[in-house]
Amino acid sequence: MLDDDWWGQVNRFSLGWVCLRQAGRLAGFVNVAWDGGVHAFLLDTAVAPSLQRQGHATRLVAEAVAQARAAGCEWLHVDFEPHLRGFYLDACGFVPTEAGLVQLR
């Protein structure tokens with residue numbers, strides 16, 4: 001995988017990006033990664049600081065959910081830090097699950 005070019009990896013492992021633009025400039029973003037099967041993964045949800053707490057991130061995630069569903073995915077996963085629990089579980093409708101993690105570094 002590391003020998004592949006970046007663009008090739010993005011095209012192979014990403015369903016796409018949901019972007020928020022304001023005055024032609026990128027103001028928010030979420031990447032929807034994919035395993036090539038039925039699982040998709042939210043990565044890097046971000047909104048410009050001046051636009052935070054206005055519902056933009058929630059709308060980005062909602063669009064990501066809709067597009068992952070439309071692409072035929074059965075599951076959409078997200079990992080998050082504890083301070084984002086309310087955002088993902090309450091505002092975006094994710095449910096807690098059992099998961100495992102191995103620290104690699």
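Going by average Cβ density within 10 Å per residue, which order do the peptides 98-104, 30-36, 50-56 take, highest to lowest?
Top of the packing list down: 30-36, 50-56, 98-104.
Positive end of the charge dipole of the chain (Lys, Arg +1 and Asp, Glu -1 on Cβ, about the Cα centre): tell me which of Phe41, Leu51, Val95 has its Cα farthest that way.
Leu51
Given the -39500 (n - 2.57) contribution per DSSP H run of 4+ residues, what per-residue ellipticity at 222 nm results for the chain, rounded to the nearest 500 deg cm²/dmol?
So the calculated ellipticity at 222 nm is -6500 deg cm²/dmol.
Mind running the shape call on region 6-91? Use the C-alpha gyration tensor, a ≥ b ≥ c as the square roots of the eigenvalues: rounded below 1.5 for a/c, prolate if a/b tops b/c, oblate otherwise.
Oblate.
Where the only charges are on Cβ atoms (+1 Lys, Arg; -1 Asp, Glu), what is the dipole of the chain about its Cα centre, to the nearest 20 debye?
480
Within 10 Å, count the other beta carbons around each residue, average over each peptide in 59-68, 88-97, and list them highest first.
Ranked by mean Cβ neighbours within 10 Å, highest first: 59-68, 88-97.
Readers should treat all values here as calculations from the given coordinates under stated rules, not as data from a laboratory. Keep in mind the model is a prediction, meaning the values are calculated, not measured. In this analysis, Cβ positions are derived from the backbone assuming ideal geometry, glycine residues included, and neighbour counts consider all displayed protein chains.
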